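As structure tokens, the structure follows; a few thoughts come after it.
The values are calculated or read from the model by the stated rules, or taken from the named source; none is laboratory data. On a predicted model such as this, the values are computed, not experimentally measured, just so you know. A quick note on method: Cβ atoms are made from the backbone with ideal geometry, for glycine too, and the neighbour counts reach across all protein chains shown.
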Amino acid sequence: MVLVFAESPRGNLKKAAFEAVTYGKKVAELLGTDCVALTLGTVKDAAELGRYGASRVLNAGDASFEKFDSQSHAAAIADVAKNNGASVVITSHTSTGKAVAGRLAIRLNAGLVSGVNSLPSVEGGALRLKKSVFSGKAIAEYEINSPVKIISLMGNAVKPEATGNPVSVENISVSTGAGRIRVKDVKTQEGRVPLPEAEIVVSAGRGMKGPEHWGIVEELAEILGATTACSRPVADSHWRPHHEHVGQTGIAIRPNLYIAIGISGAIQHLAGVNNSKVIVVVNKDPEAPFFKAADYGVVGDLFEVVPRLNEAFKKFKASN
Amino acid sequence: MKLLVCISQTPDTTAKVSFNADGTEFNAAGVQFIMNPYDEWYALVRACELREALGGAVVALNVGPASNETTIRKALAIGADEAVRINAEPKSAAYTAKQIAEYARNEKFDIIFLGKETIDYNGSEVGAMVAEYLDLPYISYASKLDLNGNVATLERDIEGGVEVLEVDLPFVVSAAKGMAEQRIPNMRGIMTARTKPLKEVQPVSFDEPVKAVRFTLPPAKAGVKLVEPDNMDELVRLLHEEAKVI
Ligand SMILES: Cc1cc2nc3c(=O)[nH]c(=O)nc-3n(C[C@H](O)[C@H](O)[C@H](O)COP(=O)(O)OP(=O)(O)OC[C@H]3O[C@@H](n4cnc5c(N)ncnc54)[C@H](O)[C@@H]3O)c2cc1C
Ligand SMILES: Nc1ncnc2c1ncn2[C@@H]1O[C@H](COP(=O)(O)O)[C@@H](O)[C@H]1O
């Protein structure tokens, strides 16, 4: 059986959970078994996971799980994996999943490959999995040989597919004693999709000249329903908040569309964004290194190009 | 205060990445190696700040061959009091975590610091594994860490925000941007680093459950398609019809 830990920050299943279950279902098909989803705490609409391919949905509803502690979460997931004879355990490669997956590997005496971005191939009793390494500069293939295998799935690596039907949620009880972290507060930015989950990201750099010019970037993001990001010097000079900083030292993202405005494309910036599916670069310097990593490019002054682009997108949105 | 900082050595950010002909080994020829930035800038510096405020000792630990000693000396120059090198090729995160945990098990550290991830194999695995081996709480991607007696207050980066939490010593933490400001070693630091103790420890054996099969380079991009700056309708059309991303 393939067990998917479907995480539910503050009680809500998010895209990462639907991706993980969709992926889990496909892995289960490869192995000729079924996919079971596990949720922890009070979770809204857990039955929905059936639509993404879970044949059963288990919920350990103890309220203590609503505050994250990798120790108690891993203990619970490992318990369920053992009791149900899971051969593969899948988590999302998120702040939650990363903190849990390593612990599961030790608890279950299992091999872990983290940040996997495609389906495995089955080699006898082993699984072969690919992930991006060296900040996107190479691809590694790993083989897990242990009887139990742990995979953490990179965000945006698979598209959630709701082809099945909801299933009724089975309540289970698990041991809860292990946690020692006291969560005091969770501060999130309201509104926009968080960067790691965003499908479209509009990002701008030092070419913007100053924070007072960001209106055109905000407008572009608004039209596309995108999340905004920035280069490191922009965050370091406090033109934009730190949580928008992408790249090697900031957040690594892999949206479907990344629009880079007035960013030179330094290697440390590319390290965080070069796994984007499609990259559009707007830069007045035709020699800017970013053009080498781009799919589409516009050589021109961003203060002229971006307002025109906004008009073109608006026109497109109005007729589509 | 007894603090452990796990430091790894990685190829320089700007290094050209290549592999041997059958794709089984990283090509280290001509590559410059550095201390993994998160370990150096955030984990190590915050540990040194706490030691400066509260007394005690900072131990820098690396699992690696003797050739890593330049990197380890840099950690001493930045401010670690002593260093330990576990004499082994760090074959995987699981292998590395096992070595770190076995060393730390009897040393009674108050805090074990790591970086949020290494920039070469990008795993973010070691910290959680060490914490599980030692049965300790683990706070990953921490961008703030303050201590008040036995109780630490931390902020942890989560998707679209931060989580504020408290935990008692001892614990394992992985450091992200924000926890401290990078320090450049000064002349005095570099001089004293030469005389600080650097101990060599032998590894314990470990059965590898995961092995690297092959490394490849990503397929080259087809090349950029340029659109005239006065024809943004064309760019929108391409994104819709050709790239199919809007
Ligand atoms: C160890 C290390 C880690 C780093 N980590 C990161 C990281 O995580 N993320 C990151 O982003 N950087 C990182 N950096 C910094 C990185 O090397 C670059 O310095 C940075 O990305 C440059 O930011 P920028 O492109 O916004 O600015 P610049 O390099 O100044 O580029 C500005 C660009 O805007 C263009 N431009 C100017 N005016 C206009 C106009 N009117 N219209 C159109 N285009 C215009 C210019 O042609 C230029 O290409 C790191 C550096 C180091 C050493
Ligand atoms: N060989 C090593 N020696 C000591 N610490 C290491 C080593 N490899 C990784 N680490 C630590 O583990 C952290 C996370 O690494 P990783 O799980 O590989 O992303 C790094 O930031 C280091 O703090």
(message) Looking at (1) crowded, with 21+ Cβ neighbours inside 10 Å; (2) assigned to a strand (DSSP E or B); (3) in contact (Cβ under 8 Å) with a residue 40 or more places away in the chain, which one does B:Met179 not meet, given that it meets all the others?
(response) (2)
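Any idea which of A:Ala235, A:Ala198, A:Ala226 is under 14 Å from A:Ile261 (Cβ atoms) and aliphatic (A, V, I, L, M)?
On the way: A:Ala235 fails: under 14 Å from A:Ile261 (Cβ atoms); A:Ala198 fails: under 14 Å from A:Ile261 (Cβ atoms).
Matching residue, one of A:Ala235, A:Ala198, A:Ala226: A:Ala226.
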(request) Could you run through the range A:119-146 and say how many residues are more than 9 Å from chain B (Cβ to nearest Cβ), in contact (Cβ under 8 Å) with a residue 40 or more places away in the chain and outside any strand (DSSP E or B)? (result) 2
(message) I'm checking my understanding of the structure. Among residues of the range A:198-240 that are assigned to a helix (DSSP H, G or I) and among the basic types (Lys, Arg), which one is farthest from the other protein chains (Cβ to nearest Cβ)?
(response) A:Arg206
(request) Name, by its number, the condition in (1) facing another protein chain (nearest Cβ under 9 Å); (2) within 12 Å of ligand 1 (Cβ to nearest atom); (3) assigned to a helix (DSSP H, G or I) that does not hold for A:Val281. (result) (3)
(message) Give all pairs with beta carbons closer than 8 Å in which a residue from the range B:190-206 that is under 17 Å from B:Ala57 (Cβ atoms) meets a residue that is of a type in the set (Asp, Glu); count only pairs at least 6 apart in sequence or on separate chains.
(response) B:Lys196/B:Asp81; B:Lys196/B:Glu82; B:Pro197/B:Glu82; B:Leu198/B:Glu69; B:Leu198/B:Glu82; B:Lys199/B:Glu82
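Let's see how each residue does on (1) modelled with pLDDT of 95 or more; (2) within 16 Å of ligand 2 (Cβ to nearest atom); (3) of a type in the set (Asp, Glu):
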position: B:Trp41; (1), (2), (3): yes, yes, no
position: B:Glu52; (1), (2), (3): yes, no, yes
position: B:Pro65; (1), (2), (3): yes, yes, no
position: B:Thr71; (1), (2), (3): yes, yes, no
position: B:Lys74; (1), (2), (3): yes, yes, no
position: B:Ala83; (1), (2), (3): yes, yes, no
position: B:Ile119; (1), (2), (3): no, yes, no
(message) Checking the conditions here, which among B:Asp120, B:Asp110 is within 16 Å of ligand 1 (Cβ to nearest atom) and touching a residue at least 40 places away in the same chain (Cβ under 8 Å)?
(response) B:Asp120
(request) Check A:Ile181 against each of (1) on the phi < 0 side of the Ramachandran plot; (2) loosely packed, with under 14 Cβ neighbours inside 10 Å; (3) in contact (Cβ under 8 Å) with a residue 24 or more places away in the chain; (4) within 12 Å of chain B (Cβ to nearest Cβ) and name the one condition it does not meet. (result) (2)
(request) Could you check, for the range A:291-304, whether at least one of its residues is under 24 Å from B:Ile119 (Cα atoms) and either of a type in the set (D, E, K, R) or more than 9 Å from every other protein chain (Cβ to nearest Cβ) (or both)? (result) yes
(request) Kindly check whether there is at least one residue in the range A:226-243 that is assigned by TED's automatic domain parsing to the domain that holds A:Leu58 and exposed (fewer than 14 other Cβ atoms within 10 Å of the Cβ). (result) no
(request) Restricting attention to strands (runs of 3 or more DSSP E) lying wholly within the range A:1-84, give those where 1 or more residues are closer than 16 Å to A:Ser168 by Cβ. (result) A:35-40, A:56-60
(request) Look through A:Lys159, A:Lys187, A:Lys131, A:Lys149 and report the one residue that is over 22 Å from A:Val88 (Cβ atoms), among the basic types (Lys, Arg) and not assigned by TED's automatic domain parsing to the domain that holds A:Asn275. (result) A:Lys187
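Where residues in the range B:92-103 are within 14 Å of chain A (Cβ to nearest Cβ), in contact with a strand residue (DSSP E or B) (Cβ under 7 Å, 6 or more places away or on another chain) and part of a helix (DSSP H, G or I), which of them is farthest from ligand 2 (Cβ to nearest atom)?
First pass over the range B:92-103, keeping only residues within 14 Å of chain A (Cβ to nearest Cβ): B:92-102.
Now restrict to residues that are in contact with a strand residue (DSSP E or B) (Cβ under 7 Å, 6 or more places away or on another chain): B:92, B:94, B:96, B:99-100.
Applying the additional criterion that residues be part of a helix (DSSP H, G or I) yields B:94, B:96, B:99-100.
Working: B:Ala94: 10, B:Thr96: 5, B:Gln99: 8, B:Ile100: 6 Å.
Checking each candidate, the answer is B:Ala94.
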